[in-house]
Amino acid sequence: MNEASFSSAPAYPVSLRIQGKLIVIIGGGRVAERKLNGLMDGGADKVTLISPYVVPGIAEQAEAGRLTYICREFVPDDLEGAYLAFAASSSAAVNLAVMNEADKRGIWCNRADQGDEGNFITPSVLRREELTIAVSAGGASPALASLIKEELEARFGEEVGAALRRLRELRQYAKTAIPDRELRRSVLRLAAEEALEDWSKAIHPQQWLNELLTRTEGRLNRDE
Ligand SMILES: C[C@@]1(CC(=O)O)C2=NC(=C\c3[nH]c(c(CCC(=O)O)c3CC(=O)O)Cc3[nH]c(c(CC(=O)O)c3CCC(=O)O)/C=C3\N/C(=C\2)[C@@H](CCC(=O)O)[C@]3(C)CC(=O)O)/[C@H]1CCC(=O)O
Ligand SMILES: NC(=O)c1ccc[n+]([C@@H]2O[C@H](COP(=O)([O-])OP(=O)(O)OC[C@H]3O[C@@H](n4cnc5c(N)ncnc54)[C@H](O)[C@@H]3O)[C@@H](O)[C@H]2O)c1
């Protein structure tokens with residue numbers, strides 16, 4: 001066997017905006033529930049799920065009005081108007097039919113039983129407000145992707161969210177306060193370095209910016 005070869009084709013990661021878009025999930029088991037929760041975390045607010053049976057977690061969300069649940073088997077017209085499709089049933093034949101129908105209609109489809117056959121795969125995701133870390137092992141080991149995500153959970157705790165909000169504020173402020181692009185780049189880079197070292201560093205933006213400017217100019221002078 002050739003050790004250097006990959007068994008799956010290379011893939012390109014993106015962060016999709018899915019608010020207001022129709023997402024159709026076929027299947028209602030544990031896997032469909034995990035995809036549904038990931039979609040909700042990603043802003044989905046228009047999900048339709050088709051399956052003759054659903055696990056209690058999905059039933060509860062349907063009862064709460066968070067998705068449209070249709071209790072029956074998949075039919076091709078279920079994909080009408082869909083932005084994304086998820087083939088997550090326990091039947092390979094049904095998942096293949098969903099995939100083929102999606103292809104015909106130009107809809108991106110995830111295939112839970114045979115990831116390589118789908119248009120996209122879903123990584124393991126860690127969220128801290130605006131920070132999103134997505135871990136993909138290309139389908140070689142979903143369990144490893146999940147374990148790596150768990151390791152990152154400890155490294156990037158809840159405090160990252162607030163620090164990132166302050167970094168955003170600082171950056172907004174720096175855009176007008178520091179017209180020089182190179183200096184601004186150095187200051188923002190230093191701010192990110194400091195935040196990464198100590199999240200509580202991200203204090204009041206104006207005061208922090210002044211401190212950063214002093215340090216950056218010192219640094220630039222030393223570099224000359
Ligand atoms: C990350 C995560 C996100 C999510 O589901 O949203 C995800 N799988 C997760 C868990 C998980 N899945 C499986 C196990 C059992 C252990 C094991 O097999 O390792 C566990 C672990 C567990 O259950 O704890 C079994 C499994 N998974 C796939 C197949 C079929 C196949 O191999 O093609 C089979 C065999 C089914 C069978 O045996 O019949 C396929 C895929 N699973 C993917 C994603 C995509 C690749 C991800 C990537 O590498 O980028 C891909 C290709 C397609 C897709 O689903 O998009 C989520 C962790 C969430 C988290 O913890 O954060
Ligand atoms: N991608 C992943 O992360 C991952 C992980 C584990 C398993 N899997 C694969 O995903 C499949 C689903 O796993 P699960 O644990 O959710 O299975 P499950 O048996 O709990 O659920 C299967 C669901 O498919 C539905 N279904 C069956 N026929 C259907 C049809 N004709 N139309 C619509 N829905 C139909 C059932 O009602 C049920 O809700 C497994 O067969 C396995 O191959 C994928």
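The values are calculated or read from the model by the stated rules, or taken from the named source; none is laboratory data. What you see is a predicted model, and the numbers here were worked out from it, not measured in a lab. Positions of Cβ are generated from backbone atoms using ideal geometry, with glycine treated the same way; all protein chains shown enter the neighbour counts. The protein model used for the area step is the full one, side chains on, heavy atoms only, and it has no ligands, DNA or RNA in it. Shrake-Rupley method; radii C 1.70, N 1.55, O 1.52, S 1.80 Å.
Here is a yes/no grid of residues against (1) modelled with pLDDT of 95 or more; (2) not acidic (Asp, Glu):
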residue: 126; (1), (2): yes, yes
residue: 134; (1), (2): yes, yes
residue: 137; (1), (2): yes, yes
residue: 161; (1), (2): no, yes
residue: 177; (1), (2): no, yes
residue: 182; (1), (2): no, no
residue: 193; (1), (2): no, no
residue: 211; (1), (2): no, no
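Count of segment 49-100 residues, restricted to those that are within 17 Å of residue 34 (Cα to Cα) and out of contact with any strand residue (DSSP E or B) (no Cβ under 9 Å at 6 or more places or on another chain), is 6.
Scanning segment 77-84 for residues that are within 16 Å of ligand 2 (Cβ to nearest atom), within 17 Å of residue 123 (Cα to Cα) and modelled with pLDDT of 95 or more turns up at least one hit. Residues in segment 34-75 that are open to solvent by 30 Å² or more (accessible area, probe 1.4 Å), in a helix (DSSP H, G or I) and under 24 Å from residue 14 (Cβ atoms): 6 in all.
Of all residues in segment 24-40, those being over 19 Å from residue 72 (Cβ atoms) and more than 10 Å from ligand 1 (Cβ to nearest atom) number 1. Among the residues of segment 97-115, just one is more than 7 Å from ligand 1 (Cβ to nearest atom), over 18 Å from residue 22 (Cα atoms) and not polar (S, T, N, Q), namely 97. Within segment 79-95, one or more residues are loosely packed, with under 14 Cβ neighbours inside 10 Å and closer than 26 Å to residue 139 by Cβ. Contact annotation: residue pairs with Cβ atoms under 7 Å, 6 or more positions apart or on different chains, pairing a residue in segment 108-134 that is under 30 Å from residue 166 (Cα atoms) with a partner that is among the hydroxyl-bearing types (Ser, Thr, Tyr), are 123/136; 124/146; 125/132; 132/15. Among the residues that make up segment 177-195, is at least one of them within 21 Å of residue 134 (Cβ to Cβ) and free of Cβ contacts under 8 Å to residues at least 12 places away in the same chain? For segment 177-195, residues within 21 Å of residue 134 (Cβ to Cβ) and free of Cβ contacts under 8 Å to residues at least 12 places away in the same chain: absent.
The numbered conditions (1) in contact with a helix residue (DSSP H, G or I) (Cβ under 8 Å, 6 or more places away or on another chain); (2) under 20 Å from residue 135 (Cβ atoms); (3) of a type in the set (D, E, K, R); (4) open to solvent by 60 Å² or more (accessible area, probe 1.4 Å) are all true for residue 117 except (2).
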